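Since the structure comes first, as C-alpha cells, the remarks are kept for the end.
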Amino acid sequence: MRRLQTRAVLACLVMVACLAAYGAAADASTVSEQNAVREAQQYLRTEAFSLKGLVSQLKYGGFSSSDARYGATHCGANWNSEAVDSAKVYLKTEAFSLKGLVSQLEYSGFTSSQAAYGVARSGANWDQQAAKAAREYLKTQAFSATALIGQLEYSGFTASQAEYGAKAVGL
C-alpha cells in the first residue's frame, strides 16, 4: 500500500513538472518577439502611443505583424496613461474641444474608454481651449462674433465655451 502511495505521489509530481515545463515553453518568446518588446518599450519612452499606433509603428520599423502585435501587447504599457499623455501633447499643439480631443484620440487608435479617460485627466480648461481656437480661426479668416461662436460650436465647444472664446478675442 505504501509503495502504491509513493508511486501515486511521484506520478503527480512528474505530471506537475511536465505541466510547468509545458507552460514555460508556451510563454517562451522568439528573439524577434523579444526585440519587438524592447523596441516598443523604447518608443514608449519618447512618445505616447495607443496599442494600434504602436503596432503600426513597429510594423513600419520592419517587424512582422505578429511580432509587432506581440511587442506592443507585452511591453508593459498602461494604455490609459498613454491616452492621458497623448491628450496633453495634442493640447500643447492646437486647440481642441472635449469632443474634438476624444475624436482625435480615437482616430489615433485609442479605444473610446481610453480616449475618454485620457481627456478627463488631461487637465484641459475648455474655456481656454475655445479662446485658443478662436485666435487660431481669426489668423486665417475674419469672423463676426455670431459666426465665430457658430464655428466654435461646430468644432464641438459648448455654447458657453464658444461665447467665452469669442469674448476672449474681443468679439
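The values are calculated or read from the model by the stated rules, or taken from the named source; none is laboratory data. Source: prediction; values computed, not measured. Heads up, the Cβs are rebuilt from the backbone with ideal geometry, glycines too, and the neighbour counts pull from every protein chain shown. Just so you know, the surface numbers come from the protein's heavy atoms only, side chains and all, with ligands and any DNA or RNA stripped out. Shrake-Rupley method; radii C 1.70, N 1.55, O 1.52, S 1.80 Å.
Apply 1/(1 + (r/R0)^6) to the Cβ-Cβ distance of Thr140 and Ser32, taking R0 = 45 Å, and write down the FRET efficiency to the nearest 0.05. The calculated FRET efficiency here is 0.40.
The heavy atoms of Lys59 present about 100 square angstrom of accessible area, all protein chains included, probe 1.4 Å. Here, segment 56-162 yields an orientationally averaged convex hull projection of 7.9 nm² when only Cα atoms define the hull. For segment 42-171, the solvent-accessible area works out to 55 Å² per residue, with a probe of 1.4 Å and every protein chain left in place. Taking only the alpha carbons of segment 39-116, we obtain Rg and Dmax values of 12.5, 37 Å in that order. Here the 3J(HN,Hα) profile of segment 94-110, calculated from phi with Karplus coefficients 6.51, -1.76 and 1.60 at θ = phi - 60°, is 7, 7, 9, 7, 4, 4, x, 6, 4, 4, 5, 5, 5, 4, 6, x, 6 Hz, Gly and Pro shown as x.
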